[in-house]
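Peer 1: My questions will all concern the structure given below.
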Amino acid sequence: MTIDEIDSATTGQSTTVGPSPRVTGSDESYLLAEDLFGMAAPMQFAWVFDDDPGEAAIEMLGARLAQGPLHRAVRRTRIPAARHAWVRSTQPPQVFVDNEIDDDAIGDWTEAAVRRSNLAPTEGRGWRLETTTTTGGRRVVSLAVSHMIADGQGVYLALAAATTPTPTRPLPDALGGVQEIRDDLLDGVDQIRAAAVSVRVLLAELVRARKQKSTTPVPATPDGDAHPFQKPPQQPGSGAAPENAVTETTLVNVNIDRSTWQQRAADHGGTSNGLFTAILAGIVQASTYPVGDRLRVCIAVNRREGATDERANASGGVWIRLDKPVIAGGDLSHIRALSKSAFTSYAESGADRAADNLQPLVRLLPGWLVGRLMRAIPGPDTTVSNLGVVPNDVLTLGGRQASWFTVRAVTLGTPAAQRRIQGPGVAAWLVEYGDRITLSFFGIHPDHFGDAAVLRTLISNQLSEWDLPHTFW
């Protein structure tokens, strides 16, 4: 959408004082991925209610979300080097009501809901709310939100605000005119200064990325000895999808008893986050996914500074590298120590944050070069995002508390060929609520995690080895 198109669709005065917030940081990375590669990145927040709060409660949620920070659109600037701006979306809120489904189809329905979300934040369609009921009288709700407009904690804050009648501060309208041009010019000057600083950081990261070549799979020696992470030749039925047989990504949700999960973590000298990391590492190890001399795990980090932090995305990530296989039921203290060290380093120096230093430069570069730079940054083998305890006002709609709840983020539109060469191969999210832990898995690499049945088997085997009874959605 161009500035002229936004201006022609907008009337009245701005509803807030001051300039529009800018599309920056992770927001801009998602915008670039959409513009350059056609890649969408919806997050999904899904509720299952045994006690139906009613369709009116879902409609009320949609109306209130439309008054808050999720209801935004991108106002593109024409000033070189300046960042695009966030403005209030002019799209009307909608709640989509689907036909009744069987109770055993809840997992399939939530997966279909996120895949058909068709979000377009640049046009003001940054979220989609839909609901259905089951033959057993349950209510299922899906909220798909573009990762461009929020991270998980940002959506939590928006949902919490939407559960109260108190109005939230909306984004400003797109005004156009001299003030808008002046703001863009000032921002462009600031970003040129920032680009000069970023050159040094980005060059250092590219040098480090070249050194990552040492992490490519190590061939077995002539006597058959291989590196601890080296996979043997694939045997029939070993789990990898046949070449060209599976190109879709896969989604799996699983429920686990919360007290059992916490006890397993404590019994093995770790935390919930450490157990989560160990399970994902174990899944990668048990698959045919090729890992180099160290298994690379990215752990999501919340960088939001409280409820007053109005950034769309305020999350980051730290990397840990495991040089020995993780043993199911083994000691978690090593993962705990590595994670603590990585968190400390990240807080002090911002390690492994190449993307944070890329944006000031990309506005000065041609699109084809930007694309090559983005794809040159290596991805991890797996990613874990622990969202912790779900706030009660997020878990509750219409006075009813959800029996099941999950959060996940997916990518749509990334070619299988690209998913074969750039990690992660599989990612997962964790939420805690009531007496449950829910894990949501996203199988990304088409040959190793592109078959839902194979991924379920890998998950089930790993959870069983940790003595964690579980139920799939």
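Readers should treat all values here as calculations from the given coordinates under stated rules, not as data from a laboratory. Model, not experiment: these values are computed from the prediction. Don't worry about glycine lacking a Cβ; one is built from the backbone with ideal geometry, like all the others, and counts go over all protein chains shown.
Peer 1: Output the Kirkwood hydrodynamic radius of segment 21-82, Cα pairs only, in Å rounded to one decimal.
Peer 2: Values: mean 1/r = 0.0668 Å⁻¹.
Over segment 21-82, the inverse of the mean reciprocal pair distance is 15.0 Å.
Peer 1: Also, I was wondering about something else. Per residue of segment 308-322, in order, report the coupling 6.51 cos²θ - 1.76 cosθ + 1.60 (Karplus, θ = phi - 60°) as ³J(HN,Hα) in whole Hz, putting x for Gly and Pro.
Peer 2: Once rounded to whole Hz, the list reads 8, 6, 9, 5, 5, 10, 9, 10, x, x, 10, 10, 10, 10, 9.
Peer 1: May I pose another question? What residues qualify as long-range amide H neighbours of HIS448, i.e. H under 5 Å apart, gap of 5 or more or another chain, H built at 1.01 Å from N?
Peer 2: ALA241
Peer 1: Near the amide H of SER315, under 5 Å away, which other amide H atoms are found, from residues 5 or more places off or on another chain, if H is placed in the peptide plane?
Peer 2: The list, which skips near neighbours in sequence, is ARG303.
Peer 1: So, one more: Quick one: which residues, 5 or more positions from THR77 or on another chain, have an amide H under 5 Å from its amide H? H modelled 1.01 Å from N in the peptide plane, none for Pro or chain starts.
Peer 2: Those lying under 5 Å, H to H, from THR77 are HIS84, ALA85.
Peer 1: VAL197 to ALA337: FRET efficiency via 1/(1 + (r/R0)^6), r the Cβ-Cβ distance, R0 35 Å, to the nearest 0.05? Walk me through the numbers before you get to the answer.
Peer 2: On the way: r = 33 Å, r/R0 = 0.94.
Efficiency at R0 = 35 Å is approximately 0.60.
Peer 1: Before anything else, pin down the relative contact order of segment 66-110: Cα pairs under 8 Å, at least 6 apart, normalised by residue count, whole percent. Mind showing how you got there, number by number?
Peer 2: Details: 27 pairs, mean separation 12.9, N = 45.
Once normalised by length, the contact order is 29 percent.
Peer 1: To continue, here is another question. With a 10 Å radius around each residue's Cβ, average the other Cβ atoms per peptide and rank 366-376, 44-54, highest first.
Peer 2: Details: 366-376: 13.3, 44-54: 20.1.
Ranking, from highest mean packing down: 44-54, 366-376.
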